[in-house]
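Let me begin by presenting the structure, written as structure tokens, before commenting on it.
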């Protein structure tokens, strides 16, 4: 059908926009988190080993995010993003040896980030827009909202650095695409694919456990009405598929530590090791002071930097009251938001180190934005639609410049100060300085990007974003007069 082809074309335009915009940016300085993951990639390919001894204490991969065991150092991270980057670097290394040219670390980390992170980010954007349309959004509004969500949050910033969040979000959205109604009858193959994607999300980062649990409920709900034998087959298939990526991580940990464990147990830093030993992997009861700084304060406030989340909450409540068919995704959005907010407020290092925002909440963006479908429907209240448009615009104005400068914003305050911070304390906010320099066009003061002048890099990024968003919106607008149909399913890779 022509309108299905139009939606598909618009989805690809949206994905290309996210990917190419991320390609316009390069962060020359990688922090401890990314370095720990990159060091594992180099160690496996260049030395055939899992220890990162050769890299952990020397530039450019020096890192404090490491585990120490048996006289050797290891990455303290789960291995997902490193695992998908290893074959890419193996090809790069093989070609470089064959031609006698050895690429710089800056080039390699740029390439690995674009292939292992920016491509999943593009797929995530496509699947988010697709899901909004399936939930009843007007297509052109679904594309605008998806663009606003990506550019008006931490999502775009973390599409440009070697972190695991966007690949994990792509896995979750892929699983949700497979099980969220309206969809085809759940089969054993679809259940296995969803289970594998959810297991993969956990291997990208353990913080995905909450959203994986929420999507797991949708997976179980999709089995309703199936014969008992089919339910058993689907459940076993999903569990077995999820066990594959999790099993790889178990084997990895067992080879290093002699038993299935999480590397955080052997942190080389006393602060990290003691913090992670408290509660459940460093999470205790939510702290009221942290809840303030994680909500409305400019330091790490998710509602300060992405105020569209307030409209998502309002939209979810409206859907619960007005539309029983949309009630499950609305409730899921509220539960996911509350779960990650409380989790982050209970974490010992609630500020998340060098970050543009509360990065530990990033996995929630696999579900929470879908509540914005309330503002994208033909029956949406005008106030909800206008409020969503305004808050998305404000969010983009706040988050996009920081994402372009560097999402790895320094924590800017002593750790002891952050641990003791209370409501009303004035913390230093580096993101606001980045905003000031950006809007005053003091781009020359911002650190240069590898090989590309900062002015050219920023202008190209903004041009790609503007043109790509306009083209995808225009393509989706052609559907206004077309009959309403289910959008094509865009599945994430397992």
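The values are calculated or read from the model by the stated rules, or taken from the named source; none is laboratory data. All values reported here derive from a predicted model rather than from experimental measurement. Backbone-built Cβ (ideal geometry, glycine too); neighbour counts: all protein chains shown.
Looking at 294, 246, 202, 220 in this structure, which one is free of Cβ contacts under 8 Å to residues at least 60 places away in the same chain and within 23 Å of the chain's Cα centre (by Cα)?
The match here is 246.
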Please indicate, with yes or no, whether at least one residue in segment 288-305 is within 16 Å of residue 148 (Cβ to Cβ), crowded, with 20+ Cβ neighbours inside 10 Å and modelled with pLDDT of 95 or more.
yes
Test for residue 375: is it out of contact with any strand residue (DSSP E or B) (no Cβ under 8 Å at 6 or more places or on another chain) and surrounded by 21 or more Cβ atoms within 10 Å (Cβ to Cβ)
yes
Here is a check on your reading of the model: is residue 27 surrounded by fewer than 16 Cβ atoms within 10 Å (Cβ to Cβ) and part of a loop (DSSP other than H, G, I, E, B)?
no
Can you find a residue in segment 328-336 that is under 18 Å from the mean Cα position of the chain (by Cα), surrounded by fewer than 24 Cβ atoms within 10 Å (Cβ to Cβ) and closer than 11 Å to residue 294 by Cα?
no
Only unsatisfied item for residue 46, checking (1) out of contact with any strand residue (DSSP E or B) (no Cβ under 7 Å at 6 or more places or on another chain); (2) closer than 17 Å to residue 116 by Cβ; (3) in a helix (DSSP H, G or I); (4) free of Cβ contacts under 8 Å to residues at least 60 places away in the same chain, is (2)
Unmet requirement for residue 211, which otherwise passes all of (1) more than 11 Å from the chain's Cα centre (by Cα); (2) not in a helix (DSSP H, G or I)
(2)
Pairs, please: C-beta under 6 Å, at least 6 apart or cross-chain, first residue touching a residue at least 24 places away in the same chain (Cβ under 8 Å) and in segment 50-65, second surrounded by 14 or more Cβ atoms within 10 Å (Cβ to Cβ) and part of a loop (DSSP other than H, G, I, E, B)?
61/55; 63/56; 64/269; 65/76
If you take just the helices (runs of 4 or more DSSP H) that sit entirely in segment 49-161, which of them hold at least 2 residues that are in contact with a strand residue (DSSP E or B) (Cβ under 9 Å, 6 or more places away or on another chain) and surrounded by 24 or more Cβ atoms within 10 Å (Cβ to Cβ)?
none
Among the residues in segment 18-31, are any under 30 Å from residue 260 (Cβ atoms) and either modelled with pLDDT under 95 or in contact with a strand residue (DSSP E or B) (Cβ under 8 Å, 6 or more places away or on another chain) (or both)?
yes
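Has segment 117-133 got at least one residue that is more than 26 Å from residue 23 (Cβ to Cβ) and more than 22 Å from the chain's Cα centre (by Cα)?
Checked against the condition, which is being more than 26 Å from residue 23 (Cβ to Cβ) and more than 22 Å from the chain's Cα centre (by Cα), segment 117-133 yields no hits at all.
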Going by the conditions given, is residue 106 at pLDDT below 95 and within 27 Å of residue 266 (Cα to Cα)?
no
Kindly evaluate residue 310 against the criterion of being within 29 Å of residue 179 (Cα to Cα), surrounded by fewer than 16 Cβ atoms within 10 Å (Cβ to Cβ), in contact with a helix residue (DSSP H, G or I) (Cβ under 9 Å, 6 or more places away or on another chain) and at pLDDT 95 or above.
yes
Might you check whether a residue that is within 18 Å of the chain's Cα centre (by Cα), under 19 Å from residue 430 (Cα atoms) and at pLDDT 95 or above occurs anywhere in segment 386-395?
yes
Subset of segment 412-427 [touching a helix residue (DSSP H, G or I) at 6+ places or on another chain (Cβ under 9 Å) and loosely packed, with under 13 Cβ neighbours inside 10 Å]
415, 420, 422, 423, 424
Considering segment 87-113 alone, what residues qualify as being in contact (Cβ under 8 Å) with a residue 24 or more places away in the chain and either within 20 Å of the chain's Cα centre (by Cα) or at positive phi (or both)?
109, 110, 112, 113
Among the residues of segment 336-346, are any touching a residue at least 24 places away in the same chain (Cβ under 8 Å) and over 30 Å from residue 426 (Cβ atoms)?
yes
Quick check: anything in segment 147-158 under 17 Å from residue 329 (Cβ atoms), at pLDDT 95 or above and touching a helix residue (DSSP H, G or I) at 6+ places or on another chain (Cβ under 7 Å)?
yes
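For the condition crowded, with 22+ Cβ neighbours inside 10 Å and either within 19 Å of the chain's Cα centre (by Cα) or touching a residue at least 40 places away in the same chain (Cβ under 8 Å) (or both), what is the one hit in 175, 240?
Checking each option against the conditions leaves just 175.
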Pairs where the first residue, in segment 432-444, is free of Cβ contacts under 8 Å to residues at least 40 places away in the same chain and the second is surrounded by fewer than 18 Cβ atoms within 10 Å (Cβ to Cβ) and in a helix (DSSP H, G or I), C-beta under 7 Å, 6+ apart
437/445; 443/454; 443/455
